[in-house]
Each structure stands twice: as C-alpha cells, then as structure tokens.
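*Asks:* Starting off with a structure, shown below.
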Amino acid sequence: MDKQTFTIQAERGRLDKVLSQMSPELSRSQVQSAIKAGQLLVNGQPTRAKYSVQTGDQIELSLPEPTPIAAEPQEMPLDIIYEDDQVLVVNKPQGLVVHPSPGHPDGTLVNGLLAHGQLSSINGQIRPGIVHRIDKDTSGLLMVAKTDQAHRSLAAQLKAKTNLRQYLALVHGVISADTGTIDAPIARDPKNRQRQAVVAGGRPAVTHFEVLERFDQFTLVACRLETGRTHQIRVHFRYIGHPLAGDPLYGPKKTLPGHGQFLHAGTLGFTHPTTGEWLTFSVPVPTIFQQTLVRLRAQQAHQTHPAAGTKRD
C-alpha cells in the first residue's frame, strides 16, 4: 500500500474537498472512495467525507500501489501554434494535465499529442515529447519535441537557461517595486509533502518580475523564469507575501473566482534544434483571465473617478 500523511494547518472545510486541494494528484472522488473503503483515517479513526477538518488533524491515507501507466493516443482538440518535422508549440488550456500520472491515467495533453503524431522517445511511455511542464491549472505555451534530436537540443537549452519563458500572473496585494528578482531555493515543503516551499538547502530558483498593472488589492506581473522548479512562480510569490489569485494550494481562501491560479505561460522562445533560428511565440490569456482584468480595471476606474453626485442649485 502507498501510505500518505497530511497535517491540517490553516485549511478549512469538508475533508474530501480539503484533501483534494492539498494533493493535486488526488481527485475529490478518489478521496471519497478511499473514505468509503476505510483507507483514510483522521487522528487514527475512520470518518466521513463531510467531516469538517480542524487545525492539527492528522490524516493518514493508504492506497493500493498504482498499476503501471502507459500513455495511449486519444483524440482531442489541440491548439497548436507552430509545428514542423522537429518541434511543435501547443497552447495548453487551463485544467488540462500535461502527462499521465496515478491520479490522471488518461485524458492528458500527452494522450492528445500521441493521437496527433510522432513524439520523441527520450522520456519513455509516460512523457514522450515533453521537455518541460506547466501545472494543470496554468494555461499557455509548451514546446514539444517530435524527435530525439530535437528533445536533446531543447533540454540542453533549458539547462543552459538560453530559452525564454515569460508568464503573466495576477497576485494578491499591491507590489510597490516596479521590477524585482526573487532568488530563493525551493524544495518539498517539510510540513506538507504535497507542496513546495522556500527551504534552506533547496534547489536554486530564480524568478524575475515586472509590474504591469496595479489594482486596489491585486497586481498584474510579468514573470521570467531563470530556473524551472516545480510550482516555482506560485511558491516564490507566496514567499514574498503576494500569493497568486485563485491558487488553491498556495493562496488564501478569499480570492478571485475562477478555475485555479491566474497564471499564464504567454511567451515562449527557443532556438530551433536543426535550423538554429530563434523562434518566439505569444498567446493571449484565457477568457476568464481577460474578463477578470476587465472587471478589475473597471473597479479601479470607478474608484479613481467616482460618478458625480446629485447636482444642487
């Protein structure tokens, strides 16, 4: 059995909902099934899915060892921005997992890419063609290798930090500095193995940012990754006191409505593996992100220029 343990800190709400938020690999239905099967204990005792978690609760989850996963082709619509015989660039929608995992055995981007055509074999059956990843609820651009030669070239560019990865992020609070660099090492959070955190001795992580717009309670920033650690932008902005809006894992509960963190991989640049040409691609933020910005701008304008009161003689 695969045993996982969790400690409730500031989380609040139903057990099944909280646990699925704490562990992105687990769906709410998986948690409910584990509770019914007696595979989930709270403080050593079985409980119900609707149990309201309390600070300090010790949760123990025991699941059967996962069966081996192999990605199979699955037809799905793909927003391919560029493609040739070596590489393709795809615009991943929010909510789509990049490659299969125990919690997401199919219906991933890799399944769709396999149905679309050839992918490199370097990363094996689970992650063919995948050179870098973005989180399930992060939208935007990914470069994908179609040949092993292209894969090695793109991976080398990532290691040498010569490619371009720029994101747009909407964060809580008003950042006073116009530009900045967050240089803080990241490792698995010792208090919650489902999260990453800034930890002394962790892997080096550097995020550069520029403020694009300031609102009453939020800031829109452009972020450029120098390194690519798991959840890097989400962890770094939480670390400086400005967690991403909508982030279910690192952000506050009182946040903007949406479908997860407001984070978009909007610009991607790399050197073509065979031609040596520098390629750059950009895509706009998804509809819900754009609608949220429009609403925040309207609120800001109203506060700056309130409607005139009743005219008096």
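*Asks:* Here is the link list: Lys3/Lys191; Lys3/Lys254; Lys3/Lys36; Lys92/Lys146. Which ones come out longer than 22 Å on Cα distance?
*Replies:* Pairs exceeding the cut-off: Lys3/Lys254.
*Asks:* Sticking with this structure for a sec: How large is the Kirkwood hydrodynamic radius of segment 72-176, in angstrom, based on all distinct alpha carbon pairs?
*Replies:* Hydrodynamic radius (Kirkwood, Cα only) of segment 72-176 equals 14.5 Å.
*Asks:* Quick one: divide the alpha-carbon radius of gyration of segment 110-235 by 2.2 N^0.38 Å and tell me what you get.
*Replies:* Taking the Cα Rg and dividing by 2.2 N^0.38 Å, one obtains 1.21.
*Asks:* Relative to the present Cα-Cα distance, how much length would full extension add between Gln58 and Val294 at 0.36 nm per residue of separation?
*Replies:* Result for the pair: 80.7 nm of gain on full extension.
*Asks:* Right, another one. How do the peptides 87-100, 3-16 rank, highest first, by the average count of neighbouring beta carbon atoms within 10 Å per residue?
*Replies:* Peptide ranking by packing, descending: 87-100, 3-16.
*Asks:* Tell me, what is the FRET efficiency for Gln74 and Gln125 to the nearest 0.05, using R0 = 22 angstrom and their Cβ-Cβ distance as r?
*Replies:* 0.95
*Asks:* Mind listing P(r) for segment 233-276? All alpha-carbon pairs, 10 Å bins, whole percents.
*Replies:* Going out from 0 Å in 10 Å bins, segment 233-276 shows 27, 37, 17, 15, 5 percent.
*Asks:* Same structure again: Dividing the alpha-carbon radius of gyration of the chain by 2.2 N^0.38 Å (N being the number of residues), what value is obtained?
*Replies:* For the chain, the normalised Cα radius of gyration is 1.10.
*Asks:* Hey, what does the equivalent ellipsoid look like for segment 2-63, semi-axes from the Cα gyration tensor as sqrt of 5 times each eigenvalue, largest first, whole Å?
*Replies:* Working through the eigenvalues yields semi-axes of 15, 12, 11 Å.
*Asks:* Now, a different point. About the Cα centre, and with charges only on the beta carbon of Lys, Arg (+1) and Asp, Glu (-1), how big is the dipole of the chain? Nearest 20 debye, please.
*Replies:* I would put it at about 1040 debye.
*Asks:* Right, next: So what is Rg over Rh here for segment 98-156, counting just Cα atoms and using Kirkwood for Rh?
*Replies:* Reported Rg/Rh (Cα atoms, Kirkwood Rh): 0.94.
*Asks:* For the modelled label position 7 Å from the Cα of Ser29 along Cα-to-Cβ, which residues of segment 100-127 have backbone nitrogen atoms closer than 13 Å?
*Replies:* 104-107
*Asks:* Multiply the residue gap between Thr287 and Asn43 by 0.36 nm, knock off their C-alpha separation, and tell me the result in nm, one decimal place.
*Replies:* This chain segment gains 83.6 nm when fully extended.
*Asks:* Sticking with this structure for a sec: Taking the Kirkwood radius as the inverse of the mean 1/r across Cα pairs, report the Rg/Rh of segment 170-291.
*Replies:* 0.99
*Asks:* What's the whole-number percent of alpha carbon pairs in segment 18-101 lying beyond 16 angstrom?
*Replies:* Result: 66 percent of Cα pairs exceed 16 Å.
The numbers here are math on the coordinates, done by the rules we state, and not lab data. Just so we're clear, the structure is a prediction, and the values are computed from it rather than from any experiment. Backbone-built Cβ (ideal geometry, glycine too); neighbour counts: all protein chains shown.
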